[in-house]
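Have a look at the structure below, then the notes.
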Amino acid sequence: MKKFLVTMLIAALSCGVLAGCKKTEEAAPEPTTESEVVSDEKPEPVAEEETKDGMQRSYLTGEWIDKETAKKRPVAIMMGNTNESGVLPQHGISFADIIYEVPVEGEATRLMPIFQDYAKVEKVEPIRSCRLYFLEFASEFDAIYSHWGEVVYAEEMLSTYNHLDGKSNELSGLTFFRDDDKSAPHNGYTTGEALIKGIEKLGYPVDHADGYEGHYKFAEDDAPVNLEDGTDAVVVEAGYNLNKPWFVYNAEDGLYHRYQYKQEHTDAINGEQAAVKNVILQNTECYDADENGYLGFHTVGSGTGLYVTNGKAIPVTWKKDAVTSATHYYNQAGDEITLNQGKTWVCIIKQKYSEKVTCYASEADFEAAKAGN
């Protein structure tokens, strides 16, 4: 049975001896601009334009989408993820372009789905309270941040950031609602239409500022990232203690399908299982944020992790220079990685639990490991 612990991959970062993880990815070509014509020479060929036929690449997925939608700032929404009554299945998870999963208190995780075309989302539920590190991750995408309340230590940054708060009297009944069929605090929800009304009410800019360059580097249409020399990763366990999630690669659709709490992770709106093209597992130091025992993460700095796509995994290092700057991920050669076009799930892992992140070469290996525990 091939079972590869993340500690083995992390070791490869320092010694470079892990078999199958020596491939150096090619950096995505930088877009070029037209040069001025000098003398009688013809201008250099121009790289594939950022827009074509009314379409533009999504900053979140790298896929071609409507130009007007692509230029809009996304919305990031706090979402509960416990198995308490009324929480699962969540509404709206399958519509998200990026999902962050990060531990909160009591070994639970909380999700932050990020939506590009949020206007089309029928419902997002349950909405939960803010933690500072989620806000810091949302800022990396220039996202409008939506939550229902917050911990005290996050108030300072929230006061300077474009956010929608469910406890606000201005937005109650306009953007945020309570589901009478469920119990608080697990019954807060919003809709795409309601989000638009809230953003208009507070006067937040809806489009990215001129010059916005996005977060990730994505593969070109005809050049997918296959990580040929990476470690086999048909099944990936994130190592969280409570929901014990895992992702299974489906070679037919090329996606990683998500499971947690011993079952498929589905959307209450359409019954679809959450599935993504890319999985990033980022090992990060945590700390006690205040005297009330709330958790914090050191999002600024550097560390190790994994990038997983198309059935393979490679070790990466991550670096974030400032609170609101983007986190960048680098392969063993020191080059920034290129993601495949599509959705991405980012798991922030407590550094002390990083050894629990596990990749399996097959579903059979995964099942055998579970049976042996």
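The values are calculated or read from the model by the stated rules, or taken from the named source; none is laboratory data. Computed from a predicted model, the values in this text were never measured in an experiment. Here the Cβ is made from the backbone with ideal geometry for all residues, glycine too, and neighbour counts use every protein chain on show. We work out accessible area using only protein heavy atoms, side chains counted, and drop any ligands, DNA or RNA first. Shrake-Rupley method; radii C 1.70, N 1.55, O 1.52, S 1.80 Å.
The listed residues are A326, A313, and the only one of them that is at pLDDT 95 or above, closer than 27 Å to K217 by Cα and part of a loop (DSSP other than H, G, I, E, B) turns out to be A326. Scanning region 84-107 for residues that are in a helix (DSSP H, G or I) and more than 28 Å from Y59 (Cα to Cα) turns up E105, G106, E107.
Would you be able to say whether some residue in region 193-216 is of a type in the set (A, V, I, L, M) and in contact with a Gly (Cβ under 7 Å, 6 or more places away or on another chain)? Scanning region 193-216, I find no residue that is of a type in the set (A, V, I, L, M) and in contact with a Gly (Cβ under 7 Å, 6 or more places away or on another chain), so the answer is no.
Residues that are open to solvent by 30 Å² or more (accessible area, probe 1.4 Å), among the aliphatic types (A, V, I, L, M) and not in a loop (DSSP other than H, G, I, E, B) are absent from region 138-150. Go through region 218-249 and count every residue that is open to solvent by 40 Å² or more (accessible area, probe 1.4 Å) and part of a loop (DSSP other than H, G, I, E, B). Residues meeting the conditions: 11. Tell me which of these D181 doesn't satisfy, since it passes every other one: (1) at pLDDT 95 or above; (2) farther than 29 Å from S58 by Cα. So the condition that D181 fails would be (1).
Filtering region 71-93 to residues that are within 19 Å of the chain's Cα centre (by Cα) and open to solvent by less than 20 Å² (accessible area, probe 1.4 Å) leaves R73, P74, V75, A76, I77, M78, M79, G80, N81, Q90, G92, I93. Scanning region 54-83 for residues that are of a type outside the set (V, I, T), over 19 Å from K277 (Cβ atoms), part of a loop (DSSP other than H, G, I, E, B) and in contact with a Ser or Thr (Cβ under 9 Å, 6 or more places away or on another chain) turns up M78, N81. Each residue in region 330-346 was checked for being in a strand (DSSP E or B) and open to solvent by less than 10 Å² (accessible area, probe 1.4 Å), and 4 pass. Selection of first residues in region 273-284 that are under 28 Å from H298 (Cβ atoms) and of second residues that are at pLDDT below 95 and not in a strand (DSSP E or B), restricted to Cβ pairs under 9 Å at least 6 apart or on distinct chains, gives the following pairs, ordered by first then second residue: L281/V6; N283/V6; N283/I10. Of note, E122 does not satisfy the criterion of being closer than 27 Å to Y329 by Cβ and surrounded by fewer than 18 Cβ atoms within 10 Å (Cβ to Cβ).
Go through region 326-344 and give me each residue that's touching a residue at least 40 places away in the same chain (Cβ under 8 Å) and under 23 Å from Q56 (Cβ atoms). Before the answer, list the steps.
Here is the first cut: in region 326-344, the ones touching a residue at least 40 places away in the same chain (Cβ under 8 Å) are 326-327, 329, 331-333, 335-344.
Once the filter is applied, which keeps residues that are touching a residue at least 40 places away in the same chain (Cβ under 8 Å) and under 23 Å from Q56 (Cβ atoms), region 326-344 yields A326, E336, I337, T338, L339, N340, Q341, G342, K343, T344.
Would you be able to say whether some residue in region 176-193 is touching a Leu at 6+ places or on another chain (Cβ under 7 Å), buried (at least 21 other Cβ atoms within 10 Å of the Cβ) and either of a type in the set (S, T, N, Q) or at negative phi (or both)? Within region 176-193 (the criterion being touching a Leu at 6+ places or on another chain (Cβ under 7 Å), buried (at least 21 other Cβ atoms within 10 Å of the Cβ) and either of a type in the set (S, T, N, Q) or at negative phi (or both)), the answer is no, since none of the residues qualifies.
Which ones in region 104-134 are of a type outside the set (K, R) and farther than 28 Å from N270 by Cα?
Passing the criteria: E105, G106, E107, L132, Y133.
What number of residues within region 298-350 are under 23 Å from S362 (Cα atoms), among the polar types (S, T, N, Q) and touching a strand residue (DSSP E or B) at 6+ places or on another chain (Cβ under 7 Å)? Residues meeting the conditions: 3. Looking across E213, E156, E252, one residue alone is without any contact (Cβ under 8 Å) to a residue 12 or more places away in the chain and outside any loop (DSSP other than H, G, I, E, B). It is E156. A count restricted to region 264-296 and to residues that are open to solvent by 10 Å² or more (accessible area, probe 1.4 Å) and over 15 Å from the mean Cα position of the chain (by Cα) stands at 19. In region 297-314, of all residues being over 18 Å from the mean Cα position of the chain (by Cα) and within 19 Å of E336 (Cβ to Cβ), the one that is most open to solvent (accessible area, probe 1.4 Å) corresponds to K312.
Within region 347-361, the set of residues being open to solvent by 50 Å² or more (accessible area, probe 1.4 Å) and closer than 19 Å to T231 by Cβ comprises E355, K356.
Confirm whether P126 is modelled with pLDDT under 95 and out of contact with any Cys (no Cβ under 6 Å at 6 or more places or on another chain). Here the answer is no, as P126 does not meet what is asked. Of all residue pairs spaced 6 or more apart or on separate chains, those with beta-carbon atoms under 7 Å, a first member in region 83-112 that is under 19 Å from E237 (Cβ atoms) and a second member that is of a type in the set (S, T, Y) and surrounded by fewer than 20 Cβ atoms within 10 Å (Cβ to Cβ) are N83/Y261; A108/T82.
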